[in-house]
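The values are calculated or read from the model by the stated rules, or taken from the named source; none is laboratory data. Source: prediction; values computed, not measured. Cβ coordinates were reconstructed from backbone atoms using ideal geometry, including for glycine residues, and neighbour counts include every protein chain displayed.
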Amino acid sequence: MNELSRRNVLQTMAGVTAGLAMPAILTRSAKAAGTVKLGCLFSSSGTMANLEGRLNFVAKMAADEINAKGGVLGKTIEIVTADPASDWPLYAQIGRQMLQQEKVAALFGCWTSVSRKSVLPVVEQANGLLFYPLHFEGDENSKNVVYVNSPPASSVIPAVDYLMSSEGVSAKRFFMLGSDYVWPRTINKQLKAYWKSKGIPETAMREEYVPLGFSNFQTLVNQIRKFADEPGGQPVVVLTTVGSSIPDFFREFINQGIKATDVPVLGLDVVEADLEGLDTKPLIGHLTCWAYLQGTKGPANAKFLKDWATYVTSKKVPFKPDVAIDPMVSTYDAINLWALAAAKAGSFDVPEVQKAFAGISFDCPSGYKISMTSENNYVARGVFIGSVNEKQGFDIIWQSKDTPKPVPFSPFG
Amino acid sequence: MWSRLLAAVALFCLVGAQSSAAQQPLDRPTLLRQLCGEAPEVLAGAQSTAELAATAGEADLDWMQAVLFALVDRRLSCGDDAVTLRLPAGTIVNASTLAPATESASGRTPILNLRSRGVVEPILAALNLLVGKDANVKLEALRAVEKKPQPTLLAIVERALKIERDPQVKGAIQSATETLALRSPDPEKQKIAIRRLSEEPSTRSLTLLLNLRSEPAYNANAGYKAALDGAISSIERWLAFSNVLATIYNGMSLASILFMAAVGLAIIFGLMGVINLAQGELLMIGAYVTFLVQEAFRAVLPGLLDWYLIAAIPIVFTVTATIGMALESSLIRHFYSRPLMSLLATWAVSLFLVNLVRVTFGTQNLQFVVPFYLKGGITVVGDFIITWNRLFAIGFALLTLGGTYYILRRTTLGLNMRAVTLNRTMAGCIGIKTRQIDRLAFALGSGLAGLAGLALCPIYNVNPQMGTLFIIDSFMIVVLGGVGTLVGTLVAAIGVGQINVLIEPAYGAVAAKVIVLLMIILFLQWRPEGLFAVKGRRK
Amino acid sequence: MSAQPSFYSRFAADRFYLWNLVALVGVALALGHAAAGGGLLSEYAINALGQFAAFAILALSLDLIWGYLGILSLGHGLFFAIGGYAIAMHLLKHSYLTTGIVPDFMQFMGWKQFPAYWVWFEHFPYAVAAGLLFAFAIALVFGFVSFRSRVNGVYFAIITQALVYVAMLLMFRNDTGFGGNNGMTGFSVVFGARLGQSSVTALLALAAVVTLIATLIGCRALVISRVGAIMIACRDDETRLRTLGYRTIALKLSIWCLSAVLAAIAGMLYVPLVGIINPRVLSPELSLEIAVWVAIGGRGRLFGAVIGAVTINAVKFLLSARAPELWPFMLSALIVLVALIFPNGLLDLPALRSLIREFVKRPGAGRLTRFKSAS
């Protein structure tokens, strides 16, 4: 070790310098003429990959569409993707890199609230923009984040109301089962306060949490069965597990022979993609609520579905051509909203774009005209309640008359 | 047998024909309009069917069953001009006359919401009880009616009791009517119902009986009180028993998974002292090969699709064993003297395999056809359900155990492997080709991992990351059991599985896992060689 | 006993080490320049340099026990996380007292006040002392029972991996009062200054690099001392050393604890720079990766660990933004390359030279030759 010759030392030094100079190489900011960059923060590996992965492609599809119409302010959009690998701090790291090195005009990304919370300080410090396409727990209103999807007051509460109404199942007792992190915890906290205000006793509520990626639901489904058979009225399960825990839960639910007419499940994060590997016949009737469901009628949706199918087949995207989920549409909306705002502002600078948000609206594939106001960075969306059908999708059994005004901070909890 | 059945059917028809003679025909178009309408109309229509069914004629009953079945199964199509339905066989018929027709262009399939579904399904079941063609269909229908007793259905059940000819079904209906009389004003009938319920112990029966304590008869009638209290305590005893059984079963099911994931590792680690961090990925590849076999069946032998899981067993074993052998001869053999480096190298392999599969197949969960023999489960006693897919895993683990035991104890290969495990140098000296044994053992261990992946297909999600879930758990099982002993691995898997399941209801799944792992870590500090140490030279 | 060369001449004997140290001092000066307002380095580069320095300290801590004592820990993320959490608790409480914003995890758990064990964490010295002491205590207890039962080699590696996994599961729980899966984020203030300002980032990065230099000097002093010689002896043949009357348990335990404390310090430097800590730092994969940094850079030569950590992370940063698909394949190829051909790390130039020579001499042979390795 001590006998290294001078030449070795020099060679090694070169290595060290190369290593240390890496950040300097990163510094080169490639700004091709005539393009504007948008960054995507969606994982293509790790636990969230199956869900988030497809959003990268939707973003590219939306950008292609806009570019085909001449781009924004005469520039074509270039989508920059990365892989945060379902690793929350890495979202922050890559977000920083995209804002500071790639100089992207806006970020589109995150699925779980954890990842959003980790990117939040980065966009705030760099005064960037993050479009967040998931419905979430609310209670947050940063000027640097555009909340494209609904806070609970305008998505979860209507669905719970539906279950409690006589049109639903007149639900009296609630089993809350969620993954142990901020979104389920907050949603359940708000729901408990909501039910309390409706006069439902504490004893009629049960709350259980499992770690992310949890798969062995045998004991928990046993507990649900027991809970359901106890006296006190119609039980329902409010399911806030995420990722691979959703199909695992349903599989066990089917095997223990519980039907939706016995114990309906309101799966708040359940999308068509989660049902992909399941025989959904025994699941018919379970519910979900989103701002978009694939089954919605209308020309905007027909066009979106057709475009996506074409995009998937022509670009050999490794996802199904005939499955469209809410976050995909929300990502599609997000890119379009940004383009509208930038065009209105006449600039890609974040403060200018922020100012332009007030009053813009877009014809969402859901059939609603979604819009933003100057009050906050939330987007007013429609609400759908869907019921699982035998074709691994959802039938729409209820939808809102128009787009309710988003309420960022829940009055409950 | 056949003649008896025919006679029964003939009699059945006769009775039906007689009763229908007294009835006016049903207003089919009105009913169909209701079923095609909004949720409240659907409910009203369904209710009126239920009322009519108690007296309607045979032909009308068949028709009502066909229409409600189509409604539940979403085979009904409501057009502006005509309502059609698709028979289960596939032909489209006019919903009113059941004569062949073409589907209306404006046809739309009504969607049942949860409430309507909750009403329509029991009515359909009651109709099945009347017109069902087969005893099993009827018994299943009876169970569905019993689960959601509605007053309107009682008349149908009574009618079914009158016309039923099959003694087994008749007996079942008889006891069901007695159970359904739980709410009857007559305490004697109630007492019979209470006894019936106590014979089918479950939390649901218990809830029903506990409600009866508020009846006036409970305090007034001593016999009634004794019957009720006796029934409740009997159910409670059965429930306690069934809970114990359920816990043991859940524990065994977890243990079987742990055992299968660990057994291949136990062989490899025990024999070579090499830690294969890619073991989880071999398991994942086993699951993917199973998927490919399923797809091959779908393409070539669609009729035998349900048996792909069985057919995949030798294929999965061969493929993963071959991969394991290739891995051993290209990489692992360089690390026998450097076990720590083998950790990193096999981790690199696992990283590589996960990403290779991810790039090739994508990250989505694979879709597996659940064969009919793995669907659902059976209620054994009380709240204890045996689910077939987990029973399959337990059975598979037992087979794996048997097979591995046979190889290790009854074959020359096993003898040589044990010799090498005990003392590699000495085994080499007496002429055992240790290199070859290493390679075969690695292949065996890899093949077993692949089989574990196969057994997990009906239980867990299959995606590129699935292997990483198991790796730490299976290592702890191997080390806890004692390196190189099959019995140790088995005992450790069962112990960990049971303890986990015992702790889980009280403290939650995470705490259970944390407590179990900490217990293992502490145990290993006290007894590093594990539960069952092989008496060999310590490496 | 023959006269030994003086400490200083032994310290200076390794030119490789000295040159690299000089290069590091250069980096520190550049960061100092940036902190004073100079625009030589971009903000992103400053932040990245700081993170690399923290990772380098972490890698060094592992090199100390793996490279010099032959004990592989696959759970060093645990100590890194302890340091990180301690400093995160300080930052959160400090930020809360300055800005009045209630931390996220308390909001969604519905807690009105900090859990009892958060007391005094607003005081920086207390937070640092608590973090280091806790890491030390865990290492002491775990090391004592393990080394006493002579758990070593592969067993030790697996058990440490299980330990870090258990810690991850625990920290994922929200009711432990450490923010659960979200971990802690949203630190706004450090020492009264607003986090995220470029001068503050530069100072934090500078602190990391200076600590790295100090650690390197300290470690070098240790390994060339008598203790260092005994460490290497213990790595090469513990039984013989024990038979000769050395108390190897005490030796291993003290280096193990030192290593744990160093890892905790690395965590303390890392968290303010990235602005988030969550149980992911406790994932077994990260701990394995630390071992990979050390193995690729080369064990038992201090700067090997540093260079490994910096290079791997720099490439990782670069690729996960530009070519995310490529990174895992490259990493696995690198590991296999190191494990098979360069057991002493990629910087093992003599090995590379003789490999080339062998290949040129017998091009047809194509056989991979293993070189003697430390473990």
Which of (1) of a type in the set (A, V, I, L, M); (2) over 16 Å from residue B:253 (Cα atoms); (3) within 14 Å of chain C (Cβ to nearest Cβ) is the odd one out, the single condition residue B:503 does not satisfy?
-> (2)
Of the listed residues (A:271, A:221, A:263, A:236), the one being within 23 Å of the chain's Cα centre (by Cα) and buried (at least 18 other Cβ atoms within 10 Å of the Cβ) is A:271
Looking only at the stretch C:257-279, count how many residues are buried (at least 24 other Cβ atoms within 10 Å of the Cβ) and in a helix (DSSP H, G or I).
-> 14
Residue A:212 is checked against (1) more than 9 Å from chain C (Cβ to nearest Cβ); (2) surrounded by fewer than 23 Cβ atoms within 10 Å (Cβ to Cβ); (3) under 26 Å from residue A:274 (Cα atoms); (4) not acidic (Asp, Glu) and fails just one. What number does that condition carry?
-> (1)
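For every residue, the table says whether it meets (1) facing chain A (nearest Cβ under 9 Å); (2) closer than 16 Å to residue C:61 by Cβ; (3) at pLDDT 90 or above.
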| site | (1), (2), (3) |
| --- | --- |
| C:256 | no, yes, yes |
| C:280 | yes, no, no |
| C:303 | yes, yes, yes |
| C:314 | yes, no, yes |
Sole miss for residue B:373 among (1) surrounded by fewer than 23 Cβ atoms within 10 Å (Cβ to Cβ); (2) within 14 Å of chain A (Cβ to nearest Cβ); (3) closer than 19 Å to residue B:284 by Cα is condition (3)
Count - residues of the stretch B:33-85 that are surrounded by fewer than 18 Cβ atoms within 10 Å (Cβ to Cβ), basic (Lys, Arg) and within 21 Å of residue B:130 (Cβ to Cβ) | 0
Among (1) crowded, with 20+ Cβ neighbours inside 10 Å; (2) without any contact (Cβ under 8 Å) to a residue 24 or more places away in the chain; (3) outside any helix (DSSP H, G or I); (4) not hydroxyl-bearing (Ser, Thr, Tyr), the one test that residue B:88 misses | (1)
Any chance residue A:246 is part of a helix (DSSP H, G or I), surrounded by 23 or more Cβ atoms within 10 Å (Cβ to Cβ) and over 25 Å from the mean Cα position of the chain (by Cα) | no
Residue by residue through the stretch A:221-271, note down the ones that are closer than 18 Å to residue A:163 by Cα, within 9 Å of chain B (Cβ to nearest Cβ) and among the aliphatic types (A, V, I, L, M).
-> A:228, A:260
Kindly indicate whether residue A:254 is part of a helix (DSSP H, G or I) and within 25 Å of residue A:110 (Cβ to Cβ).
-> no
Over the stretch A:383-399, the set of residues on the phi < 0 side of the Ramachandran plot, assigned to a loop (DSSP other than H, G, I, E, B) and surrounded by fewer than 24 Cβ atoms within 10 Å (Cβ to Cβ) is A:389, A:390, A:391, A:393
Which helices (runs of 4 or more DSSP H) sit wholly inside the stretch C:120-232 and have at least 2 residues that are over 22 Å from residue C:77 (Cβ atoms), within 11 Å of chain A (Cβ to nearest Cβ) and over 20 Å from the mean Cα position of the chain (by Cα)?
-> C:198-224
Taking the stretch A:275-304 and keeping residues in a helix (DSSP H, G or I), away from chain B (no Cβ under 14 Å) and either buried (at least 17 other Cβ atoms within 10 Å of the Cβ) or in contact with a strand residue (DSSP E or B) (Cβ under 7 Å, 6 or more places away or on another chain) (or both) leaves A:300, A:301, A:304
Return yes when residue B:331 is assigned by TED's automatic domain parsing to the domain that holds residue B:293, among the aliphatic types (A, V, I, L, M), surrounded by fewer than 23 Cβ atoms within 10 Å (Cβ to Cβ) and more than 27 Å from residue C:287 (Cα to Cα) and no when it is not.
-> no
Kindly provide the set of residues from the stretch B:352-370 that are surrounded by fewer than 19 Cβ atoms within 10 Å (Cβ to Cβ) and more than 17 Å from residue B:282 (Cα to Cα), ordered by number.
-> B:367, B:369
Answer with yes or no whether residue A:333 is among the charged types (D, E, K, R), under 17 Å from residue A:148 (Cβ atoms) and assigned to a helix (DSSP H, G or I).
-> yes
Here the qualifying pairs (Cβ atoms under 8 Å; residues six or more apart or on different chains; first in the stretch B:345-362 and at the interface with another protein chain (Cβ under 8 Å from one of its Cβ atoms); second in a helix (DSSP H, G or I) and acidic (Asp, Glu)) come out as B:349/B:281; B:354/B:281
Which is away from chain A (no Cβ under 11 Å), modelled with pLDDT under 90 and part of a helix (DSSP H, G or I), of C:295, C:291, C:351?
-> C:351
Give just the number: which of (1) β-branched (Val, Ile, Thr); (2) within 12 Å of chain C (Cβ to nearest Cβ); (3) over 19 Å from residue C:273 (Cβ atoms) does residue A:94 not satisfy?
-> (3)
Modelled with pLDDT of 90 or more, away from chain A (no Cβ under 11 Å) and crowded, with 24+ Cβ neighbours inside 10 Å: does that describe residue C:49?
-> no
Of the conditions (1) in a helix (DSSP H, G or I); (2) more than 21 Å from residue B:249 (Cβ to Cβ); (3) within 10 Å of chain C (Cβ to nearest Cβ); (4) hydrophobic (A, V, I, L, M, F, W, C), the single one that residue B:516 does not satisfy is (2)
Hey, any hits in the stretch A:177-190 for a residue that's touching a residue at least 60 places away in the same chain (Cβ under 8 Å) and more than 12 Å from every other protein chain (Cβ to nearest Cβ)?
-> no
Report whether or not residue C:286 is more than 11 Å from every other protein chain (Cβ to nearest Cβ) and under 30 Å from residue C:105 (Cα atoms).
-> no
